[in-house]
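Input: a single structure, listed below in structure tokens.
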Amino acid sequence: MKFIMNYAKFVRENYTYIIITTLVIGVIVGLITARPGVYIRQFNTPLIIIMIGAMGFTIIFKRLGTAAKDWRGFSFGLALNFLFAPFLCWLLALLFLSGHSDLATGLILIGVVPCAGMALVWAGLLRGDVPLATVINAATMILAPFLIPLLMSLFAGTFVTVNTWGMFRQLIYTVLLPVLGGIALREVIEREANVQKYLPVMPAISATMAVLLMFMAINTNIPPIMKNIGLIAPLVTSTILIFPILFLVAYVVSLKFFPRSKNIAITYSSGMKNLPIAIGIAAMSFKGLEMLPVAVGFAFQMLTAVGFYQFFMKTQKYPPKS
């Protein structure tokens with residue numbers, strides 16, 4: 001148990017470096033062979049289910065009721081996640097990737113997926129409103145299977161044919177059922193034991209699955225991208241813009257209407273996206289380079305999160321809790 005807790009601490013404290021290292025290793029290995037990624041892809045669905053189930057274990061049904069107490073912040077977070085982010089990614093896809101439907105579709109996938117669980121960690125470090133961030137995260141996770149197919153049909157339908165019903169069914173058993181199962185499992189265990197000691201382990205499990213999915217996406221897409229070197233510039237240009245814009249818009253707009261703690265929560269829960277889910281959808285529903293923008297997005301998302309962390313640290317009166 002001590003080893004597991006130490007591993008969870010290591011992942012939590014070094015997740016940014018783990019993501020960037022995985023990205024580099026995925027590229028290097030991909031230049032030699034894509035066999036490791038192809039092997040991991042066989043287990044794509046179980047990895048997603050484990051990842052989502054671990055996320056669900058950290059959610060409590062009772063917390064969803066707190067949304068009614070702060071409906072403005074909650075509604076604002078949902079609007080940024082499911083209206084502004086998809087529109088932004090669609091616009092960037094039109095501007096930079098209109099001639100590459102698979103990359104454009106992958107870029108839009110980044111915008112339509114729910115809030116990233118890591119947003120709660122950043123909000124906590126900065127003394128943000130963690131309950132608000134938690135509610136936005138939980139609500140977007142539960143709504144995602146119903147909204148993602150519709151949003152993909154609306155925005156990605158500009159570039160490809162989207163099997164809305166097929167995607168909905170996939171998301172029910174890979175996202176909705178695992179997250180509900182994780183929540184239910186926690187409710188059952190809490191009746192007999194204290195689950196607090198297990199909670200730090202769940203994000204580490206989820207992060208480990210996410211890293212494997214990211215490696216798979218990078219490793220399997222390097223060979224085809226090397227045959228189309230001209231795609232690298234528009235791919236990087238479009239992907240690198242997403243997260244700074246998401247963070248900046250969420251920060252600037254929410255700053256006008258909410259106190260600082262809620263501003264931090266909304267900035268991170270609206271600026272960070274659950275990219276492993278996007279990779280899972282790309283792997284299950286599409287056959288081209290749709291995973292590549294998402295995999296590249298991992299690094300840019302983490303770098304943006306770190307940048308805003310430094311910004312909040314410099315502008316707040318008191319340092320975050322250790």
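Looking only at residues in the range 110-123 that are aliphatic (A, V, I, L, M) and out of contact with any Leu (no Cβ under 9 Å at 6 or more places or on another chain), which one is surrounded by the most Cβ atoms within 10 Å (Cβ to Cβ)?
Ala119
Kindly evaluate Ala156 against the criterion of being crowded, with 17+ Cβ neighbours inside 10 Å, modelled with pLDDT under 90 and either closer than 23 Å to Ile108 by Cα or touching a Phe, Trp or Tyr at 6+ places or on another chain (Cβ under 9 Å) (or both).
no
Residue by residue through the range 263-286, note down the ones that are in a loop (DSSP other than H, G, I, E, B) and either within 15 Å of Ala210 (Cβ to Cβ) or in contact with a Cys (Cβ under 8 Å, 6 or more places away or on another chain) (or both).
Selection gives Met272, Asn274.
When you go through Arg72, Arg169, Arg127 one by one, which is the residue that is free of Cβ contacts under 8 Å to residues at least 60 places away in the same chain and of a type in the set (Lys, Arg)?
Matching residue, one of Arg72, Arg169, Arg127: Arg169.
Tell me the residue from Gly56, Gly77, Gly73 that is surrounded by 20 or more Cβ atoms within 10 Å (Cβ to Cβ), in contact with a Leu (Cβ under 6 Å, 6 or more places away or on another chain) and not hydrophobic (A, V, I, L, M, F, W, C), please.
Unique residue meeting the criteria: Gly73.
Between a first residue in the range 299-318 that is farther than 14 Å from Tyr17 by Cβ and touching a residue at least 60 places away in the same chain (Cβ under 8 Å) and a second residue that is assigned to a loop (DSSP other than H, G, I, E, B) and aromatic (Phe, Trp, Tyr), which pairs have beta carbons less than 6 Å apart while being 6 or more apart in sequence or on different chains?
Nothing qualifies.
Consider Leu213 against the criteria (1) in contact with a helix residue (DSSP H, G or I) (Cβ under 8 Å, 6 or more places away or on another chain); (2) in a loop (DSSP other than H, G, I, E, B): it satisfies all of them except one. Which criterion is unmet?
Evaluating Leu213 over (1) in contact with a helix residue (DSSP H, G or I) (Cβ under 8 Å, 6 or more places away or on another chain); (2) in a loop (DSSP other than H, G, I, E, B) leaves (2) as the failure.
For the condition among the aliphatic types (A, V, I, L, M) and part of a loop (DSSP other than H, G, I, E, B), what is the one hit in Leu303, Leu289?
Answer to the selection: Leu289.
Based on what the data block shows, is Asn221 under 24 Å from Phe286 (Cβ atoms), out of contact with any Lys or Arg (no Cβ under 9 Å at 6 or more places or on another chain), crowded, with 22+ Cβ neighbours inside 10 Å and not hydrophobic (A, V, I, L, M, F, W, C)?
So Asn221 passes the test.
The values are calculated or read from the model by the stated rules, or taken from the named source; none is laboratory data. None of the values given here were measured: they were computed from a predicted structure. No Cβ is skipped: glycine too gets one built from the backbone with ideal geometry, and neighbour counts run over all protein chains shown.
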